[in-house]
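What follows is a short report on a single structure.
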Protein chains: 2
Amino acid sequence: MESTKKVRGMQDILPDAHLYHTFLKKVFRHELRKNGFKRITTPVLEHKELFTGALWMGTDIIDKEMYNLVDRKGRELVLKPESTAPIMRAYIENDMQSDPQPVFLYYVEPHFRYDRPQKWRFRQFFQIGAEIIGESDPILDAQLIYIGYKILNKIGLEGEFKVKINSIGTAKDRQKYLEELTSFYENKKHLLSPEALSKLESNPLRLLDTKIEDEIILANEAPKITKFLKKESKEHYTKVKEYLDILWVPYEEDHKLVRGLDYYTHTVWEFVDNSGRSQDAFWGWGRYDMLSKKIGHSDEIPAVWFAMWMERLADALLDRGIKIKNKDRIDLYFIQLWDEAKKIVLPLTLEAREAGINTLASLGTPSLKAQMKKANRLSARYVVMVGVMEATSGIYQVRDMIAGTQEEVKKEHLIEYVRSKVGQNGLDFYCPAKDFLLKDE
Amino acid sequence: MESTKKVRGMQDILPDAHLYHTFLKKVFRHELRKNGFKRITTPVLEHKELFTGALWMGTDIIDKEMYNLVDRKGRELVLKPESTAPIMRAYIENDMQSDPQPVFLYYVEPHFRYDRPQKWRFRQFFQIGAEIIGESDPILDAQLIYIGYKILNKIGLEGEFKVKINSIGTAKDRQKYLEELTSFYENKKHLLSPEALSKLESNPLRLLDTKIEDEIILANEAPKITKFLKKESKEHYTKVKEYLDILWVPYEEDHKLVRGLDYYTHTVWEFVDNSGRSQDAFWGWGRYDMLSKKIGHSDEIPAVWFAMWMERLADALLDRGIKIKNKDRIDLYFIQLWDEAKKIVLPLTLEAREAGINTLASLGTPSLKAQMKKANRLSARYVVMVGVMEATSGIYQVRDMIAGTQEEVKKEHLIEYVRSKVGQNGLDFYCPAKDFLLKDE
């Protein structure tokens, strides 16, 4: 029956995978917050028109991959395939131009593309994105690259990637360049795949980011965009590189690094897997000063962004055997050998949790063996058994599941005993409610 | 132009509102984690069939409020209106029945309903939910109520709500009861609104949760379901109440508290606003042992859940003037009065952040006045001005924006100076990457 199956190409993120997602979210959120970014959430649904501006037509996202729907009032809506256009829409609609510029925003959002399902590519996928809107200073491009570079190093991928950068200038810079590029490829049509030939018609820039070996060789010989940059664009690019030097970010210039969408300008970059495991980028992106006009705003609003693929990065950590601490572990587990035991155990579990011990009580299975098996599967550290005898005597058996030893402990000393065994570092006293609530003075 | 407007009934969650969302997520996540719950994410899209099981037909959710779409392969999909059915689907599909039972899961998910937009009700809304699946012990019902009760007290709503509980027994218990209830109302048809008359046809239980005053009086007189509970159901309910007593949770029994969906069984509850501000529940829910069969699984899988409405609870805090600490504050702000100043300031901002100081640098505006205004709008605590003179002399002006005072500080002492001013408690040294990454020994 279809109803008990998930939709093809989509995934449930189960607790083990969530360890990695939670870790990545924490690291990104913290780094971005320290750098002045604030969280925004835009709806999953947007007007189709937001994405079908002139520029998007002819790209796979619009033509083949968008999830469309019509609501009960006939509105044409889509499940957002990405968040840059929605964030720019939100910036304009919520009049963030009146805030101090630039505005630093970040998001953690699901995106939807009807793509061919494959390794780490799902039809619903999560991205953490950072956008700096309202200012064109090249220092911002360098800062975003720096933040990404630092994060990759921090999460255990040091030495596993390189930073590639390029400038694709402005639309004006590209006019002359695209002519040269097209004529370069016109003479080599016999060497091109059918896919490349179609790019030559629709979007010659995309010929450069091919993954076919022969075409890479061709692309290396192709005219370089940086030679066609006008004064201002050249200056922008030079400054980005100067700032990267000041920030000690090593980079490699690659003229084959381009973007398929017309609204991109100046700096583009990617963090490319350098381990030989794949040719994929961990993530990247660039400056998009021309998007605001494409989605119908009167003015050009400068902006720069990055977005990382959560599933891609989680996968990269897993592939390398990088392990994340599981803070969901159970330190104390109560086995209840008798229905009335619950009334004794229930207040004890509360007391234990108040004392900072992560605690769980077994339920539903009467046999000791079955409950011990549960405790084992949950990797519980200490197990306490409560049956009729224990309830009467007030003396409990505490089992150390790692050492395999067992001790008798009086009920009134039980929590203190486990507390000292778990040790200060294992206790959890964090209380977000207390930490965040402001009390009137 | 439509493309620069959000979809009607949906909202952007902007940084100020995110303060409340982030706070609530942190509190729930932490409480749930301590109680053994683990995070799960299910896709936004599910097969329509998952929600249109026999039981859901005739409810507003299915008939009027669902966002439907057909994908490129003709699959009938919906944007999930809630997560209980998806979580049960995930439990079955991912064979969580082989894990130690019960399974404790929580989620933070957007849901979608084409509803009439009104205060705190949006067509995309977030819920934090907790589900305990695979075990029918009444202690679990009590535990979920307890966790919710504690959370509401912790987030500043102590004394602002009461806990209402009821038992609606099993489908069998309800058979006889529904007959009695129907015949009670059949004699009072002349007192009923058209809406109530239609409920009498389709779902007489729903007559009890009316908000019309005259109908509330009637409902108070109506037969009580608890009188129709068979032995096992009565026992379950009695135990829930016993455990609530042990847990010191004060509750009120209300026989008018019911659920419109057939798969609910035994305990239902709500945390009801008791402040006189509204009649709404903060949140609630109950046991749903019969859902698994409704969505096509061969066996009954016992389960109990709660789900809170993020927007509702954020609103309740705002309405009461409860304030949340803003950890995004800027402690150090650099004003740059000269383009070359950026090259001096950039490494300083990095150094400051390494020293735990939340730091931002102004950009793009050459005038001192405009930059001071920015610093003010951002509530920056300390402001440092860097111009040609400062760069040459190496002596900077540091302005305390609260005291309104200004001091001269040498460049090499600058970070240490601000550090000591901000004070240990204001510094941010937390590093999730270090905290979570497990290094090989």
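Read-outs throughout are calculated quantities, based only on the coordinates presented, and are distinct from any laboratory measurement. Computed from a predicted model, the values in this text were never measured in an experiment. As a convention, Cβ positions derive from the backbone with ideal geometry for all residues, glycine included, and neighbour counts pool all protein chains shown.
Rounded to the nearest 0.05, the FRET efficiency derived from the C-beta distance between B:D299 and A:L438 at R0 = 51 Å is 0.55. Helix content alone sets the calculated 222 nm mean residue ellipticity of chain B: runs of n ≥ 4 DSSP H residues at -39500 (n - 2.57) each, divided across all residues, give -10500 deg cm²/dmol.
The distance linking region B:392-426 with region B:314-340 is 20 Å (Cα centroid to Cα centroid, whole angstrom).
Stretching the chain fully between A:L368 and A:H190 yields a gain of 56.6 nm (0.36 nm per residue, less the alpha carbon separation). Taking the longest Cα principal axis of chain A as reference, the axis of helix A:171-186 is set at about 80 degrees. Treating only the Cβ of Lys, Arg, Asp and Glu as charged (+1, +1, -1, -1), what charge dipole size does region A:332-426 show about its Cα centre? Round to the nearest 20 debye. The calculation lands at about 380 debye. The C-alpha atoms of chain A define a longest principal axis, and helix A:84-93 lies at about 90 degrees to it.
Go ahead and set up a Gaussian network model of chain A, Cα springs under 10 Å, then flag whichever of A:L350, A:L200, A:L229 fluctuates most. The residue that fluctuates most here is A:L350. With a Förster radius of 56 Å applied to the C-beta separation of A:D339 and A:D319, the computed FRET efficiency comes to 0.70.
The distance separating the Cα centre of region A:226-242 from that of region B:192-226 comes to 73 Å. Magnitude of the charge dipole for the protein assembly as shown, about its Cα centre and with charges confined to Cβ atoms of Lys, Arg (+1) and Asp, Glu (-1), is about 140 debye. Largest GNM mean-square fluctuation among B:R33, B:R329, B:R89, using chain B with Cα springs under 10 Å: B:R329.
Projected label points at B:E242 and A:R75, each 7 Å from Cα along the beta carbon direction, are separated by 5.3 nanometres. Under the simplified labelling scheme, the B:S198-A:N274 pair shows an inter-label distance of 6.6 nm, with each label point 7 Å from Cα along Cα→Cβ.
Only lysines eight or more places from B:K154 in sequence, or on another chain, were considered; those with a Cα closer than 16 Å are A:K434, A:K439, B:K25, B:K26, B:K34, B:K162, B:K323, B:K325.
Using a/c under 1.5 as the rounded threshold, could you call region A:332-426 rounded, prolate or oblate? The axes a ≥ b ≥ c are square roots of the C-alpha gyration tensor eigenvalues, and prolate needs a/b larger than b/c, oblate otherwise. Rounded.
The trypsin sites (Lys or Arg not before Pro) found in region A:407-441 that occupy coil by DSSP, while having at most 16 further C-beta atoms within 10 Å, are A:K439. Build a GNM of chain B with springs between Cα atoms under 10 Å apart, and of B:N425, B:N68, B:N220 the one that fluctuates most is B:N425.
Relative to the longest principal Cα axis of chain A, at what angle does helix A:341-354 sit, 0 to 90 degrees, rounded to 10? The two axes meet at around 50 degrees. By the rule of a C-alpha distance below 12 Å, with chain neighbours fewer than 8 residues away ignored, the aspartates and glutamates paired with B:K239 are A:D339, A:E340, B:D137, B:D141.
Along its principal axes, the protein assembly as shown has C-alpha extents of 86, 59, 53 angstrom, given from the largest down.
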